[in-house]
Amino acid sequence: MKRRPITQQGIVFAIFVLMFAGFSLFLPGFFATGNLLGLLQNVAILGILGLAMAIVVIGRGIDISMVAVLAVPAGLVLQLVQDGHSVPMAFLAALGLALAFGLVNGWLIAYAEVPSLFTTLASGLFLAGLGQVGFFRLDIVQWSPQLDALAWVGRGTLLGVPMPVIMFGVLAGAVSFFLRRTRLGTYVYAIGDNPFGARVTGIPTRPVIVLQYVLAALIGTFAGMVMAASVNSMPTRIYNSTLIYDVILVVVLGGIGLSLGRARRRGQRRHRHPPDRHAAQRHDDPRRLVFGAEPGQGRDPADRDPDRLGAQSPQRRNRAAGRHLRRRFFDLSRRRPRLLHSTTFTQRRPT
């Protein structure tokens, strides 16, 4: 019987069980249904922001401007309605602002190739300053009676469960379906695993990166509306808080590594390959293209023979690697996408 390795998720879950059991035993009223639902409602907004951040981090990026997107578009809706504008116009303005913000972030990162950390830090400061100078009169924008028809998003309940918790569950299912069951979600995993290899195989890496930041901006705006409905206002100065660190912590504890740009699914082990002095020296070398494919799995005889593979020219090796990747990522009709790991075609010196 093999011994299961201790994972980060296992350690976090064990600590959670111990703390939950201790609080339930020694803290009166902690295990009450109302208290547990209140705790879930308080962290629902954090969970929604964590979903948006997860899409970006899986694709080898980071979005520091998440809290600014949470505050400004939702506050713009409340401010426009207070000024006498119609509710549909206010929502269209906020939606346009979120889309433009996500497109600018994605373009700067994907096409201008500015690091995502610097891009989102600067854009978040710009959006927060724009809201304080151009949109809002007060630091706290109050909820208007014209929006009461939408108040159920943050204040309603369904079978006794608060609606923010329901919204988080629905959005979590949608994000999971996008990442695991769609071709674009598979592209996000491929770009996070090896962006250079994904680009060589024909995956549109730049548009997919733009899509990640647009989705993150839209989800952040949705989280802002849920928060405004639940607290009956929007504190626009929330950008100056430490909420963004909580969002990053949630993503990391969820099993998504910030350094590798990969997300490990439950029960999946990280494979380690022995070093090879004849392999490509750089991690992003185009020869390191095959995600989860070993010699012997291809259909081409040259792919199944390691000796012939090592003796091929670099052009033939890259073509063989591309065939593996196309079978892995483009043939989604016969098997569902899954997280794959990169391996290296080794080169052997001629004897």
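Could you sort 37-49, 10-22, 191-203 so that the peptide with the highest average Cβ count within 10 Å comes first and the rest follow in order? Mind showing how you got there, number by number?
Values: 37-49: 18.1, 10-22: 11.2, 191-203: 20.6.
Packing order, densest peptide first, comes out as 191-203, 37-49, 10-22.
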Give a residue-ordered list of calculated ³J(HN,Hα) values for the stretch 229-237 (Karplus: 6.51 cos²θ - 1.76 cosθ + 1.60, θ = phi - 60°; whole Hz; x for Gly, Pro). 5, 6, 9, 6, 5, 10, x, 5, 7
Taking the alpha-carbon centre of each part, the distance from the stretch 9-54 to the stretch 214-237 in Å is 22 Å
So the FRET efficiency between Leu184 and Phe31, C-beta based with R0 = 35 Å and rounded to 0.05, is 0.25
Would you mind putting 212-223, 231-242 in packing order, based on average other-beta-carbon counts within 10 Å, highest first? 212-223, 231-242
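Arrange the peptides 244-250, 179-185, 50-56 so that the one whose residues have, on average, the most other Cβ atoms within 10 Å appears first.
Values: 244-250: 17.7, 179-185: 15.4, 50-56: 26.0.
In descending order of packing, they fall as 50-56, 244-250, 179-185.
Full-extension gain between Asp139 and Ser86, please, as 0.36 nm times their residue separation minus the C-alpha to C-alpha distance. All intermediate terms of the calculation are to be shown ahead of the outcome.
Details: separation 53, 0.36 × 53 = 19.08 nm, distance 2.21 nm.
Extending this stretch completely gives an extra 16.9 nm.
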Please compute the length gained on full extension between Trp152 and Arg199, using 0.36 nm multiplied by the number of residues separating them and subtracting their Cα-Cα distance. 12.5 nm
Work out the length of the dipole vector of the stretch 44-253 about its Cα centre, built from +1 on the beta-carbon of each Lys and Arg and -1 on the beta-carbon of each Asp and Glu, and round it to the nearest 20 debye. 420 debye
By the gyration tensor of its Cα atoms, with a ≥ b ≥ c the square roots of the eigenvalues, what is the shape of the stretch 141-226: rounded for a/c under 1.5, prolate for a/b over b/c, or oblate? prolate
By the C-alpha gyration tensor axes a ≥ b ≥ c (rounded if a/c is under 1.5, else prolate when a/b exceeds b/c, else oblate), the shape of the stretch 1-154 is oblate
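Which FRET efficiency value, to the nearest 0.05, is calculated for Ser24 and Leu121 with the Förster distance at 45 angstrom and r the Cβ-Cβ distance? Please report the intermediate quantities before stating the final value.
Working: r = 40 Å, r/R0 = 0.90.
It comes to 0.65.
Quote to one decimal, in nm, the extra length available between Leu99 and Ile11 on full extension: 0.36 nm per residue of separation minus the C-alpha distance between them. Walk me through the numbers before you get to the answer.
On the way: separation 88, 0.36 × 88 = 31.68 nm, distance 3.84 nm.
Roughly 27.8 nm would be gained on extension.
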The stretch 1-86 pair-distance distribution - Cα-Cα, 5 Å bins, rounded %: 3, 10, 10, 13, 15, 13, 14, 11, 5, 3, 2, 1, 0, 0
Place +1 on the Cβ of every Lys and Arg and -1 on the Cβ of every Asp and Glu in the stretch 44-253, take the dipole about the Cα centre, and give the residue among Ala198, Leu70, Leu46 whose Cα lies farthest towards its positive end. Ala198
Cα gyration tensor of the stretch 68-222, axes a ≥ b ≥ c as square roots of the eigenvalues: rounded (a/c below 1.5), prolate (a/b > b/c) or oblate? oblate
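Read-outs throughout are calculated quantities, based only on the coordinates presented, and are distinct from any laboratory measurement. Since the model is a prediction, treat every value here as computed from it, not as a measurement. No Cβ is skipped: glycine too gets one built from the backbone with ideal geometry, and neighbour counts run over all protein chains shown.
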